[in-house]
Amino acid sequence: MKYGIGASVVRKEDDRFLRGRGQYVGDFRMAGLQEVAFVRSPVAHARLKQVRIPERFRDVVFTADDLVDVKPIVSAPPLKGFKRSAEPILATGKVRFVGEIIAMCVAPSRAEAEDIADAVSLDLEELPAVTDMLAACEPGSALVHEEWGDNVFVEFGENIWKDDLSGAAIKVSKTIRTARHCMFPMEGRGVVAYRDERLRNLTVITSTQFPHCVQTGLSECLGLTHGEIRVISPDVGGGFGYKGLLCREEVALAWLALRRGHPVRWLEDCREHLGANANCREHHYQITGYATADGKLLGIECVAHVDAGAYSSYPVSSSVEAAQIANLLPGPYVFSNYRCRALAVATNKCPIIPYRGVARSGICLAIEAVMDAIARKAGLEPYEVRLRNMVPPEQMPFDNLLSKHFDSGDHPECLRRAVQAIDVQRIRKRQQNPEPDGRRIGVGISFFVEQGAHGTNVLASWGRPIVPGYEQAQVKLTADGEVEIHVGTHSHGQGHETTYAQVAHEILGVDIDKIKVVQGDTMYTPYSTATWGSRSMVHGGGAVARASQLLARRAAQIGAWLLQTDVENVHVADGKVIAGDSSVTLREVARVWYLQPQNLPAGVDTGGLDVTAGYRAARDSGTFTYAAHAALVAVDPATGIVDILDYVVVEDGGTLVNPMIVDGQICGGTAQGIGTGLYEVVPFDAQGQPLASTMLDYMVPGATEVPDIRILHMQTPSPYTEFGIKGLGEGGAVGPPAAIVSAVNDALRDLKVEVLDLPLTPERILAAIETARPRGASA
Amino acid sequence: MKPASFEFVRVTSVAEASRQLKQANGTARLVAGGQSLGPMLNLRLARPALLIDITGIPDLIEAHGGEDAVTVGACVTTAAIEDKRLPGRGLESLASVAMNIAYRAVRNRGTIGGSLCHADPSADWVTTLCALDAQCLIASEQGNRIVPAHQFIRGAYENALAPDEVLTAIKIPRLSARGRFGYYKVCRKAGEFASAMAAVVHDPDRGVYRAVIGATRGKPILIEDARELQQPTGKLNEMSALQILESRGIASSSARRQQLAALSRAFAQATLQ
């Protein structure tokens, strides 16, 4: 049985998760704990004139007037022309979206805290709300931040246009709108804060992806030193980007704990999640593609808008989605003319933050819709057009026209495998006859590259106030020969307790049950920007590898002495220091080091068996996994309902540390992508009021809507990373909308109608079919 | 999302429930399974001063079979119906309706009477019981009365109960041996509320041919004589169905399309072979 790199080891953490023994923020119980409920803005845009607090609640309700020494959250990347937003912890002056927090109410139970919140009344002078990203850019639009003069956070542009394409044989233009939706981790946000008198710090237990960034953010807002703040991120039930920011509630609760002297807690409820606490994915594309008659792509022009919401979140910033659109829209394709403007627009809605795949599900849909349209004009299979525009494998590594460095792989082979697995040929045959149940079937394939594990330079250019650099890991041998790994990254579903152990096992050979991973506490782990952007296995795993290698060298030195040979003659494997036929266990090495130091040589490294090492990939432009998603769908033309009949993912994720966990990542991501494609949208009315407050009004795909996803792997190592690992946590969520849209439109192809706006609701599909109905046959 | 404070009482007789309702003077709500009222309490959309739990009233949790009808206590759960615990024959199709309502966890608690009283236009029991011409048995301290389901539902979330009245049971006529029940709902995902639904009861031996269209914005649409929907061939006349839908206020074309699909499929199921 193999346990190292490449083994599908059962996740160590699953034992506690599956038995209900995980420890989440909501599971912490402590003496004197009180609960918090917030008074939130009922309107999207208004001047806040007064907060009226009944006299009897004076001592348990707090507003901006109380938080005088607390600084607002500012996330202003050093980008030219970026307009700053300052997000007050509790609203002051103006409210800029429904759900913005205005007052904080504390009581022994949440129900009582909500009673108090109910009794607080607001004097609001309503202002016209900016609710549409395109209208927000029109002259004369109301302004979210008056001092800006317009509603644009920042604009990114690319302009590489060498040829005159006015005579191109094929020119196609598409307008695409993707829906604003929620991220819906199983566990919402939650915060417990208290003063730890023994450690003399403020301790904040929060459901976050990155405890150190929260620590830095709290330090900036509260004026405390890092040493005065400890952030613990315990078990976290899914992040997906939703927990990759400093949220106001964390600052507010931290302040409250210091003020009140007893522990306080806030747990996000479903209504807060749906209506108030960050959305994702809302883009608009006006995109044009030029191609030769035989489907060779010549150029892409695009104007894209991102509805970034009212504030720039810390530290992701409102710039990242627009930056990615301008930067990643060319996708996997080879062409020479590219023009793109991408604007991050402020509106009176809650902030948009990067969700799994960040902007790329929209980007993939936009470029793939163009490829499909070119295929129709050229009279070719959509996959054939894609194949004609891909990087040939012999040209890898390849720099695309924006100098994106595709590190390795064989894109055409990946696509060919998907075509074969979904069996396009057989589907084309089946489509020649009507389905017995009256439905129409269609096939769609999307292809994309997934830049992951981005390094410092890439992220600095997209704009972030906190830019990741080197990742560190501390690895030590305990006195009884077990291994303890301390990392700054945070696993909230990724299975790092298992995969990091596999990396250390690969190098040290210690049984993975004897390797413990410690994470999620600023007191015990190296500072890290932690886990997002598919970076942990490359950077964190790289650091674990380096530290394990260093530890192996230290152990080898002691082991060689014990074996009475030179260090050049030994190597570490299978939990032993080995010299030819003789060996000494790491357990014995550890015992001597910790308990019998009199038996050590004089010149032994006094650093011992507890090491910290850092890692940065040989090239930090990011790894490029890639995948083809193929969907076979049935569209019921009478009801507009779409069923997914078959779904294939062919993915090249580089060297896979744990293929079973990778399959889980792909399945989970694909389920979310199906949500983006078919179901998920937070509806808003014209006044900026979100209309979903329970899961009755907000649909996520469930067990019966997610098909059995067939996953096929390719494994081309990255030439630049430890073990050739690539980042692949997000791709699953990127491909589905484009594949499903393509498949649905394939099903409707003989009606000559097309649906591109997300999600593909029955209403949209029926409306499209309606346009194809002959006049007079009204319904 | 925690409810505002309320008093709670669990009663053991209909008379006591009625008395409590009367005393509370409009500030009390009955609760059975709580599958609709619970979320409304949590969202503070409902703020009763008193909740009266009627699931402890023995008569309300029983179903009794008669020759021509089954009388189902208002607090019989959807799960019990799914599990075919209604006595006798002629209403087997109710089990399949039940099986597709929400999720088992909801069905375990949710009751047939509670669903009817809640009068959500998209509720399966509302459409089904109107189609079957079920009778609602209502009691209060003043006495008893019987109201047909289609009159019991007054509109969206509106029922015919007076403030002190309790729906005690629903009497559902059995289909004869040749009778057919057709039912179809349009749902984007399993367990969700439907965006369109139709039920058709075709039972010539009892002289019944009724169709009901549910998931509207108000009262279900009742077509008492479904022959008016029929072509001479026996198939659904889509044009006249669309006209009915339009004249009964189904305004959007996509909603009409979906309702037409539901009706035509329910119609086909109810067509005698």
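Any residue in segment B:91-99 that is closer than 30 Å to B:K185 by Cβ, at pLDDT 95 or above and within 14 Å of chain A (Cβ to nearest Cβ)?
Scanning segment B:91-99 turns up at least one residue that is closer than 30 Å to B:K185 by Cβ, at pLDDT 95 or above and within 14 Å of chain A (Cβ to nearest Cβ).
Give B:G214, B:G218 a once-over and let me know the one that is of a type outside the set (A, V, I, L, M, F, W, C) and farther than 19 Å from A:A638 by Cβ.
None of the other options fit; the residue is B:G218.
Would you call A:P774 of a type outside the set (A, V, I, L, M), away from chain B (no Cβ under 14 Å), assigned to a loop (DSSP other than H, G, I, E, B) and more than 30 Å from A:A613 (Cα to Cα)?
On the way: of a type outside the set (A, V, I, L, M): yes; away from chain B (no Cβ under 14 Å): yes; assigned to a loop (DSSP other than H, G, I, E, B): yes; more than 30 Å from A:A613 (Cα to Cα): yes.
So A:P774 passes the test.
When only residues in segment A:699-730 that are within 11 Å of chain B (Cβ to nearest Cβ) and under 21 Å from the mean Cα position of the chain (by Cα) count, which is farthest from A:R417 (Cα to Cα)?
Result: A:M699.
Of these, A:A107, A:A142, A:A119, which one is more than 21 Å from A:R84 (Cα to Cα) and in contact with a Pro (Cβ under 6 Å, 6 or more places away or on another chain)?
On the way: A:A107 fails: in contact with a Pro (Cβ under 6 Å, 6 or more places away or on another chain); A:A142 fails: more than 21 Å from A:R84 (Cα to Cα).
Answer to the check: A:A119.
How many of the residues making up segment A:141-180 are part of a loop (DSSP other than H, G, I, E, B) and among the aromatic types (F, W, Y)?
Qualifying residue count for the region: 1.
Kindly list the number of the only condition in (1) assigned to a loop (DSSP other than H, G, I, E, B); (2) closer than 30 Å to A:N658 by Cα that fails for A:F17.
(1)
Limited to segment B:21-79, what total is found for residues that are assigned to a loop (DSSP other than H, G, I, E, B) and either free of Cβ contacts under 8 Å to residues at least 40 places away in the same chain or at negative phi (or both)?
The total comes to 22.
Tell me, which helices (runs of 4 or more DSSP H) wholly within segment A:353-431 include 3 or more residues that are within 27 Å of the chain's Cα centre (by Cα)? Before you say what the answer is, go through the steps one by one.
Numbers: elements: A:360-378, A:382-388, A:411-422, A:424-430.
The helices (runs of 4 or more DSSP H) meeting that bar are A:360-378, A:411-422.
Test of understanding: among A:T694, A:T639, which residue is touching a Cys at 6+ places or on another chain (Cβ under 7 Å) and within 14 Å of chain B (Cβ to nearest Cβ)?
A:T694
Among the residues of segment B:111-152, count how many are buried (at least 17 other Cβ atoms within 10 Å of the Cβ) and touching a helix residue (DSSP H, G or I) at 6+ places or on another chain (Cβ under 6 Å).
Matching residues across segment B:111-152 total 15.
How many residues does segment B:170-216 hold that are more than 10 Å from every other protein chain (Cβ to nearest Cβ), assigned to a loop (DSSP other than H, G, I, E, B) and of a type in the set (K, R)?
Residues in segment B:170-216 being more than 10 Å from every other protein chain (Cβ to nearest Cβ), assigned to a loop (DSSP other than H, G, I, E, B) and of a type in the set (K, R): 2 in total.
How about segment B:97-145: which helices (runs of 4 or more DSSP H) wholly inside it have at least 2 residues that are closer than 23 Å to B:V201 by Cα?
Answer list for segment B:97-145: B:112-118, B:124-131.
Conditions: (1) in contact with a Lys or Arg (Cβ under 7 Å, 6 or more places away or on another chain); (2) charged (D, E, K, R); (3) in a loop (DSSP other than H, G, I, E, B). A:D65 meets all but one. Number of the miss?
Unmet condition: (1).
Criterion first (at pLDDT 95 or above, within 14 Å of chain B (Cβ to nearest Cβ) and on the phi < 0 side of the Ramachandran plot) does A:Y679 satisfy it?
Yes; evaluated as a whole, the condition is true for this residue.
With the structure loaded, tell me whether A:R230 is more than 14 Å from chain B (Cβ to nearest Cβ), charged (D, E, K, R) and either farther than 21 Å from A:D521 by Cβ or crowded, with 22+ Cβ neighbours inside 10 Å (or both) or whether it fails that test. Break it down stepwise before answering.
Numbers: more than 14 Å from chain B (Cβ to nearest Cβ): yes; charged (D, E, K, R): yes; either farther than 21 Å from A:D521 by Cβ or crowded, with 22+ Cβ neighbours inside 10 Å (or both): no.
Against the criterion (more than 14 Å from chain B (Cβ to nearest Cβ), charged (D, E, K, R) and either farther than 21 Å from A:D521 by Cβ or crowded, with 22+ Cβ neighbours inside 10 Å (or both)), A:R230 does not qualify.
One residue is enough: does segment B:235-246 have a residue meeting the conditions more than 14 Å from chain A (Cβ to nearest Cβ) and crowded, with 19+ Cβ neighbours inside 10 Å?
no
Any idea which of A:E87, A:E114, A:E100 is within 14 Å of chain B (Cβ to nearest Cβ) and surrounded by 15 or more Cβ atoms within 10 Å (Cβ to Cβ)?
After ruling out the rest, the residue left standing is A:E114.
Among the residues of segment B:188-204, which ones are modelled with pLDDT of 95 or more and within 25 Å of B:A102 (Cα to Cα)?
B:A194, B:S195, B:A196, B:M197, B:A198, B:A199, B:V200, B:V201
Among the listed residues A:C247, A:C213, A:C221, A:C270, identify the single one that is out of contact with any Cys (no Cβ under 8 Å at 6 or more places or on another chain), hydrophobic (A, V, I, L, M, F, W, C) and within 14 Å of another protein chain (Cβ to nearest Cβ). Lay out the reasoning, then the answer.
On the way: A:C247 fails: within 14 Å of another protein chain (Cβ to nearest Cβ); A:C213 fails: within 14 Å of another protein chain (Cβ to nearest Cβ); A:C221 fails: within 14 Å of another protein chain (Cβ to nearest Cβ).
Matching residue, one of A:C247, A:C213, A:C221, A:C270: A:C270.
The values are calculated or read from the model by the stated rules, or taken from the named source; none is laboratory data. Since we're looking at a predicted model, the values are computed, not measured. Note that each Cβ is placed from the backbone with ideal geometry, even for glycine, and that neighbours are counted across all protein chains shown.
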